[in-house]
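In what follows, a single structure is set out as structure tokens and then discussed.
The values are calculated or read from the model by the stated rules, or taken from the named source; none is laboratory data. On a predicted model such as this, the values are computed, not experimentally measured, just so you know. Ideal geometry is used to build each Cβ from the backbone, glycine not excepted, and the neighbour counts take in all protein chains shown. For accessibility, only protein heavy atoms count, side chains too; no ligands or nucleic acids. Shrake-Rupley method; radii C 1.70, N 1.55, O 1.52, S 1.80 Å.
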Amino acid sequence: QVEGLIQNVDFSHPSLNDSLEGEIQAFLINEDQLHTYDDLTKVNPVTPTTVLKCLQARYSVKVFYTHAGCTLVALNPFQPVPDLYSLDVMKEYHYASQPQEFKPHIFIVAEEAYRNVQGQLEPVNQSLVVSGESGAGKTWTSRCLMKYYATVAASSSVMKSQDTVERIERRVLDSNPIMEAFGNACTLRNNNSSRFGKYIQLQLDRCQLLVGASVQTYLLEKTRVTCQPANERNFHIFYQMMKGATDQQRKEWMMSQDQCFAWLPNSEKTVEEDCFDETVEAMVHLGIHAERQQQIFRVSVMPVF
Ligand SMILES: Nc1ncnc2c1ncn2[C@@H]1O[C@H](COP(=O)(O)OP(=O)(O)OP(=O)(O)O)[C@@H](O)[C@H]1O
Ligand SMILES: [Mg+2]
């Protein structure tokens, strides 16, 4: 996104370069002000140096979101940020008369799209595009957006309670652990790297309440099942089953402890996604019954000859 913002600047002419260099230095001299630029369109001149310095300054004061016109630049904090996504913060942005005047946040973008749907403005269907390189935080951001809509587009009784989501909202959110178990893997860049793209559609009724969802996936990296780059892993589900299955399940799936397995690369690495119970629980919430689960897990450990 930052690249897109600055790609039209022409740095080729020598005298232009000199004067531009002077402007850049003049801008950067106010070092302690750089973190205050909450919209990159206010940065002048817009160059890779000035933009990145501002983002860096904001990152160092733990501010992770910055507007760039109608785009939002999100930096990955690589650590949990207390209260940044809490129910109270969601409510603050949702009930504000002018949320865009608040600090830049993914909830501003989410709320703007929601209000456009509410206002029945054309186009009534709204899309949010989350892009970035591997490890940038796309999956995290998509989860935040889904949680936001599962909360604000839930019936008011749900919104009032501390228990943010239930019923259809719970099921929408539970699609994430399942898709990630079968479609994400630990790579050199990201312990929870999505090896597929997805298009998530959240459906609202006339009262703007969440009534359904559909997810289309594409470009799943199927080759990872049989072949992984050095020090990367297979899809999470394999390790979840190996670590989380009961003795009885191991027997049923023909993966008993004493069997001699050729372990795939980096199998000893434990990541927080190795959580079999969570996957099974999500399957139950989504109505995938026990027999179907068995079929899925049996296929997941089917030996490849
Ligand atoms: N807003 C955030 N707050 C805290 N941690 C975050 C945030 N965004 C990302 N992370 C951390 O960074 C990790 C990588 O993020 P994520 O999996 O969303 O990347 P991605 O863009 O989906 O990458 P890939 O293209 O490989 O799937 C997350 O597992 C999480 O630990
Ligand atoms: Mg991802």
Kirkwood Rh in Å, taken over segment 95-220 so that all alpha-carbon pairs contribute: 15.8
Neighbour net charge for residue 194 - beta-carbon separation under 15 angstrom, K R +1, D E -1: +3
Nearest-10 value in Å² for the accessible area of residue 211, using the 1.4 Å probe: 80
Segment 14-57 - Debye-derived log10 I(q)/I(0), Cα point model, q = 0.14, 0.19, 0.21, 0.34 Å⁻¹: -0.29, -0.51, -0.61, -1.32
Nitroxide proxy distance, nm - points 7 Å out along Cα→Cβ at residue 249 and residue 167: 3.0
Axial C-alpha extent at least 20 Å, average Kyte-Doolittle at least -0.5 - helices from the chain (DSSP): 14-28, 138-152, 167-183
Relative contact order %, the chain, counting alpha carbon pairs below 8 Å whose residues are six or more apart: 11
Local electrostatic count at residue 220 - Lys and Arg +1, Asp and Glu -1, tallied over other residues with Cβ under 13 Å: +2
Residue-span extension gain [residue 101 to residue 39] - 0.36 nm each, minus C-alpha spacing: 21.2 nm
Whole-percent pair-distance distribution, where bins are 10 Å wide, for the alpha carbons of the chain: 5, 22, 27, 23, 15, 6, 2, 0
Hits among lysines - C-alpha to C-alpha of residue 222 under 28 Å, sequence gap 8 or more where chains match: 138, 198, 243, 251, 269
Within the accessible area of the chain (1.4 Å probe), percent carbon and sulfur: 53
Net charge of Cβ neighbours under 12 Å - reference residue 121; Lys, Arg +1; Asp, Glu -1: -1
Relative packing of 226-233, 180-187, 278-285, which averages over residues the other C-beta atoms within 10 Å, highest first: 180-187, 278-285, 226-233
The chain, helix-only ellipticity at 222 nm - DSSP H runs n ≥ 4, -39,500 (n - 2.57), divided by all residues, nearest 500: -12500 deg cm²/dmol
